[in-house]
1. What is the percent carbon and sulfur in the accessible area of the chain, measuring with a 1.4 Å probe over the protein chains and ignoring ligands?
2. Enumerate the calculated ³J(HN,Hα) couplings along the range 3-8 in order (Karplus 6.51 cos²θ - 1.76 cosθ + 1.60, θ = phi - 60°), each rounded to whole Hz, writing x wherever the residue is Gly or Pro.
3. For Ile44, enumerate residues with amide H under 5 Å from its amide H, sequence gap 5+ or separate chain, H modeled in the peptide plane.
4. Based on the Kirkwood radius over alpha-carbon pairs, what is the Stokes-Einstein translational diffusion coefficient of the chain at 20 °C with 1.002 mPa s viscosity, in µm²/s?
5. Mind listing the phi-derived Karplus ³J(HN,Hα) values for the range 9-22, rounded to whole Hz, using 6.51, -1.76 and 1.60 with θ = phi - 60°, and x for any glycine or proline?
6. With +1 on each Lys and Arg Cβ and -1 on each Asp and Glu Cβ, and nothing else charged, work out how big the dipole of the chain is about its Cα centre, in Debye to the nearest 20.
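The values are calculated or read from the model by the stated rules, or taken from the named source; none is laboratory data. In this text, all values refer to a predicted model and were calculated from it rather than measured experimentally. Here the Cβ positions follow ideal geometry from the backbone for every residue, glycine too, while neighbour counts run over all protein chains shown. Just the protein is used for accessible areas: all its heavy atoms, side chains included, with ligands, DNA and RNA removed. Shrake-Rupley method; radii C 1.70, N 1.55, O 1.52, S 1.80 Å.
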Amino acid sequence: MKYRIEKNTVQETLVIPLYGRKVCSQMFPNLYRDETAAKLIEQID
């Protein structure tokens, strides 16, 4: 199930740090691992 995030909402703002956590865990897997962020980003439309 994909979740739709509407523009100009709090949820849209909170996607930014969530995406950053996903990217950081991909770039530096030995230092930082956040599997939940990756799963949540995949569920967003």
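1. In the chain, the share of accessible area belonging to carbon and sulfur is 56 percent.
2. 9, 9, 10, 7, 5, 6
3. Amide H to amide H, under 5 Å and 5 or more residues apart or across chains, Ile44 pairs with Tyr3.
4. Translational D for this selection: 195 µm²/s.
5. Running phi through 6.51 cos²θ - 1.76 cosθ + 1.60 with θ = phi - 60° gives 10, 5, 4, 5, 5, 6, 5, 4, x, 5, 5, x, 5, 5 Hz.
6. Rounded to the nearest 20 debye, it is 40 debye.
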